[in-house]
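The values are calculated or read from the model by the stated rules, or taken from the named source; none is laboratory data. Computed from a predicted model, the values in this text were never measured in an experiment. Quick reminder, even Gly has a Cβ in these numbers, built from the backbone with ideal geometry, and neighbours come from all protein chains shown.
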Amino acid sequence: MRRAVCPGSYDPATNGHLDVIERAANLFDEVVVAVLINKSKQGMFTIAERMQLLEEATAKLPNVRVDSWHGLLTEYCREQGIQSIVKGLRSVSDFDYELQMAQMNREISGVETLLMSNNPAYSFLSSSLVKEVATYGGDVTNMVPPVVHERLLARIAELG
């Protein structure tokens with residue numbers, strides 16, 4: 001079985017993330033969307049909330065499951081029997097960083113990385129920018145899945 005992981009913080013998931021996940025789901029038998037646990041960062045959404053939002057946003061993809069991890073991604077891949085990492089690229093600066101990471105991951109574990117160019121319609125998207133624009137009242141409706149949009153606006157209102 002061909003298995004891949006799409007790792008990220010997903011705070012929150014954007015349509016750019018979903019585009020890469022959907023395209024990976026067409027290439028692999030199983031795709032694990034792995035939410036990074038970074039204890040040194042305080043996110044807008046908890047890990048459990050991010051996982052729930054991703055589960056809802058990917059519900060139509062039967063070969064996608066959502067999980068979380070902390071530590072080395074290559075160790076997670078070894079434990080889960082995952083052979084490939086899929087990452088989206090928005091820009092040349094993303095490529096520079098991700099290429100170095102892909103080479104390191106291959107060297108230490110043999111896990112291959114597929115660097116997938118993003119759909120140009122989403123090349124400007126980042127979770128940080130979406131949160132910032134939404135916090136100041138900007139319209140991010142077409143930048144995130146509907147379930148994320150609803151929860152994002154609710155969270156901003158809570159933090160008010």
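Overview of results
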| quantity | calculated |
| --- | --- |
| Residue match in the stretch 138-155 (condition: hydroxyl-bearing (Ser, Thr, Tyr) and either under 16 Å from the mean Cα position of the chain (by Cα) or not in a helix (DSSP H, G or I) (or both)) | no |
| Scan of the stretch 56-70 for residues that are of a type in the set (Val, Ile, Thr) and part of a loop (DSSP other than H, G, I, E, B), ordered by number | Thr58 |
| Matching residues in the stretch 57-80 - criterion: being buried (at least 19 other Cβ atoms within 10 Å of the Cβ) and either in contact with a Gly (Cβ under 6 Å, 6 or more places away or on another chain) or under 20 Å from Leu152 (Cβ atoms) (or both) | Ala57, Thr58, Val66 |
| Where a residue in the stretch 48-65 is over 10 Å from Val35 (Cα atoms) and of a type outside the set (Ser, Thr, Tyr) and its partner, wherever it lies, is at pLDDT 95 or above and surrounded by fewer than 14 Cβ atoms within 10 Å (Cβ to Cβ), with Cβ under 8 Å and at least six apart | Asn63/Asp29 |
| The stretch 12-55, residues that are touching a Cys at 6+ places or on another chain (Cβ under 9 Å) and either outside any helix (DSSP H, G or I) or of a type in the set (Asp, Glu) (or both) | Val31, Val32, Val33, Ala34 |
| Ile156 vs. criteria surrounded by 15 or more Cβ atoms within 10 Å (Cβ to Cβ), closer than 18 Å to Arg3 by Cα and among the β-branched types (Val, Ile, Thr) | no |
| Among residues of the stretch 71-122, those that are under 20 Å from Ile21 (Cα atoms), without any contact (Cβ under 8 Å) to a residue 40 or more places away in the chain and not in a helix (DSSP H, G or I), counted | 7 |
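Condition check ((1) loosely packed, with under 14 Cβ neighbours inside 10 Å; (2) on the phi > 0 side of the Ramachandran plot) across all residues:
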| site | (1), (2) |
| --- | --- |
| Glu49 | no, no |
| Glu55 | no, no |
| Ile82 | no, no |
| Val86 | no, no |
| Met104 | yes, no |
| Gly110 | yes, yes |
| Asn119 | no, no |
| Phe124 | yes, no |
